[in-house]
Amino acid sequence: MSANRFAVTLGDPRGIGPEIILKALQSLQMPPSEIIILGPEGHDPGVGRYEPVGAFDGSEASAGLISALAIEHAVSLAQEGSVAGIVTGPIHKPALRSAGFSDPGHTEMLQRLTGAPDVGMLMAAETTAIGGPLRVLLATTHVPLRNVPDLVRTEGLVAQTILLCRALEHDWRIRAPRIGLCALNPHASDRGLFGDEEAQVFVPAIQELRSGGVDAQGPFPADTVFGRALRGEFDAVVAPYHDVGMAAFKTVTFGSGVNVTLGLPFVRTSPDHGTAFDLVGTDQADPSSMKEAIRLASQLAQNRFDTLAAQT
């Protein structure tokens, strides 16, 4: 298997996925033999090898079905060893639901399809508006904010941080990664003034991680931990919920950010934005994040391939 061969899904056919994928692949000038593009019949962008997964009738349900079928086929290609990883175009979650799929998004669908025991949603930018890299793992993903305090538990923080640490070691080839944990409450609760999760949940998690050899530090307030990571104090940050991590991440990385799913038996990346229906047909869609997703997938797959080769 080539470490540089990938399956690329077009995403929702009504969105900007087809446009940004075409622009990104044209810019990167990747050999056609290294790219398998998956989407609806009649939507061949003219780059790479195109494999249609079904007919698209223009409806939301059909868009969701085509999106899901492309993901399923990409996973099959990766599991059989035909590709080293997958790069996914933006999907529309309501369309996925209209097609009968209950998965909240790509991350959850990929976990279901692969049977991976633990997965992680990592937002990664190797360059940012400030210069240094920023990598943010979301300890909880697509859940209502009111549910977050009940979902942020010691065992979950430990499992997600270990998953992150192993990925940084094997896929990013960072020796002894330094990981900062972002607190849940304002000012990291100021010793219990604004909640007790830091003392009851985070401190035991950090103690367990450190006893297991993981360089985990914190919990640090959300208003300082991301800046410290950008200054190079941490290789990655674990954020307790979606928006506290995404707000900081996208403020400094828009256009260079990549969504990486950790814990899968293959590499998976995607751009850090959605379908942008308002831009369809305007030729204004920016392919920068898709280009970064393809570049990072190639880098991570090569690192993983080299690591596995060294172990055999």
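The numbers here are math on the coordinates, done by the rules we state, and not lab data. These numbers come from a predicted model, not from an experiment. Cβ sites come from the backbone with ideal geometry, for glycine too, and all protein chains shown count toward neighbours.
For the pair H43/T224, report the inter-label distance in nm, with labels modelled 7 Å from Cα in the Cβ direction.
Distance between label points: 4.8 nm.
Two decimals is fine: what's Rg over Rh for the range 118-263, C-alpha atoms, Kirkwood radius as Rh? Please list the in-between numbers first.
Working: Rg = 13.9 Å, Rh = 14.9 Å.
Using only Cα positions, Rg/Rh for the range 118-263 is 0.93.
For the range 53-151, what size does the Cα cloud have along each of its three principal axes, sorted from largest down, in whole Å?
Largest first, the range 53-151 extends 43, 38, 31 Å along its Cα principal axes.
Among the lysines, select those whose C-alpha is under 21 Å from the C-alpha of K250, and discard any that sit fewer than 8 residues away in the same chain.
Qualifying lysines at Cα under 21 Å: K93, K291.
In nm, to one decimal, how far is the A61 label point from the L193 one, both placed 7 Å along Cα→Cβ?
Going from the A61 label point to the L193 one covers 5.6 nm.
Could you work out the percent of alpha carbon pairs in the range 213-254 separated by over 16 Å, rounded to a whole number? Intermediate values should be presented prior to the final figure.
Numbers: 274 of 861 pairs.
So the pairs more than 16 Å apart make up 32 percent of the total in the range 213-254.
Considering only DSSP states other than H, G, I, E and B, which trypsin sites (Lys or Arg not before Pro) in the range 185-249 qualify as loop sites with at most 15 other Cβ atoms within 10 Å? Before the final figure, lay out the partial values.
On the way: sites: R191, R210, R228, R231; in loops: R191, R231.
Filter output for the range 185-249: R191, R231.
Sequence-distant or interchain residues sharing an amide H contact under 5 Å with A236, placed H: which?
It is R178, G180, by chain and number.
Spin-label point model (7 Å from Cα, Cβ direction): what's the V203 to R175 distance in nm?
3.4 nm
Hey, quick one: spin label on L151, modelled 7 Å out along Cα-Cβ, who in the range 214-254 has an amide N within reach, i.e. under 14 Å?
Under cut-off, by backbone N: 239-246.
What number do you get for the range 103-189 when its Cα radius of gyration is normalised by 2.2 N^0.38 Å, N = residues? Numbers along the way, then the final one.
Numbers: Rg = 14.3 Å, N = 87, 2.2 N^0.38 = 12.0 Å.
Dividing the Cα radius of gyration by 2.2 N^0.38 Å gives 1.19.
In terms of modelled amide H atoms, which long-range or inter-chain residues lie less than 5 Å from the amide H of V8?
Under 5 Å from the amide H of V8: I36, I37, L38, V87.
Could you pull out every whole DSSP H run in the chain that spans at least 18 Å of Cα extent along its own axis and averages 0.0 or higher on the Kyte-Doolittle scale?
Details: long enough: 60-79 (29 Å, 0.94); 154-170 (24 Å, 0.59); 288-311 (35 Å, -0.31).
Answer set is 60-79, 154-170.
With Cβ to Cβ distances under 9 Å as the rule, what net charge do the other residues near M123 carry (K, R +1; D, E -1)?
On the way: positive: R135, K250; negative: D272.
My count for the surroundings of M123 gives +1.
Report the Cα-based extents of the range 198-312 along its three principal axes, largest first, to the nearest Å.
Cα spread of the range 198-312 along its principal axes, largest to smallest: 53, 44, 24 Å.
Which percent of the Cα-Cα distances in the chain go past 24 Å?
Values: 25164 of 48516 pairs.
Tail of P(r) above 24 Å: 52 percent of Cα pairs.
About the Cα centre, and with charges only on the beta carbon of Lys, Arg (+1) and Asp, Glu (-1), how big is the dipole of the range 118-263? Nearest 20 debye, please. Walk me through the numbers before you get to the answer.
Working: 12 positive and 16 negative charges, 68 e Å.
Once rounded to the nearest 20, the dipole reads 320 debye.
Post the alpha-carbon centroid distance, the range 204-249 to the range 168-200, in whole angstrom.
4 Å
Could you tell me what a quarter of the Cα convex hull surface of the range 1-95 works out to, in nm² with one decimal place? Could the numbers behind the result be given before it?
On the way: hull surface 21.5 nm².
Projected over every direction and averaged, the Cα hull of the range 1-95 covers 5.4 nm².
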